[in-house]
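Quick notes on the structure that follows.
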Amino acid sequence: MGPAILVTMGVLFLLDNVSGVEFHRTWPAILLVIGVVKLVQSNSSSEGHVGPLPPGSTGYPPNTPPPPAVQSTETPSSGEVKNV
């Protein structure tokens, strides 16, 4: 939805600058784009999509610990720039 609205607004502002079609006359196109996106979303297939996880779930198979956190090998910086 976000990219479609962003592109629509870009096109409408471009029309405002290039052809003189004012934005206050064309903003309802944004509502049309939102409606079209919602219509396409409702008719799209959900095959292969994974639903949301239940509350409290980690997303890992049962009795499997999550992977260890990645340890950083860099030393903390004091903010001083060192010349090489």
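The values are calculated or read from the model by the stated rules, or taken from the named source; none is laboratory data. Quick caveat, the model's predicted, so the values are computed rather than measured. Backbone-built Cβ (ideal geometry, glycine too); neighbour counts: all protein chains shown.
Does V50 fit the bill of being assigned to a helix (DSSP H, G or I) and either at pLDDT 80 or above or loosely packed, with under 10 Cβ neighbours inside 10 Å (or both)? Walk me through how you get there before you give the answer.
Values: assigned to a helix (DSSP H, G or I): no; either at pLDDT 80 or above or loosely packed, with under 10 Cβ neighbours inside 10 Å (or both): yes.
Answer is no for this residue.
Give the residue that is nearest to the chain's Cα centre (by Cα), with candidates limited to residues of segment 1-31 that are of a type in the set (V, I, T) and either under 17 Å from Q41 (Cβ atoms) or surrounded by 11 or more Cβ atoms within 10 Å (Cβ to Cβ) (or both).
I5
If we scan segment 37-46, do we find a residue that is at pLDDT 75 or above and touching a Ser or Thr at 6+ places or on another chain (Cβ under 9 Å)?
Looking through segment 37-46, none of the residues is at pLDDT 75 or above and touching a Ser or Thr at 6+ places or on another chain (Cβ under 9 Å).
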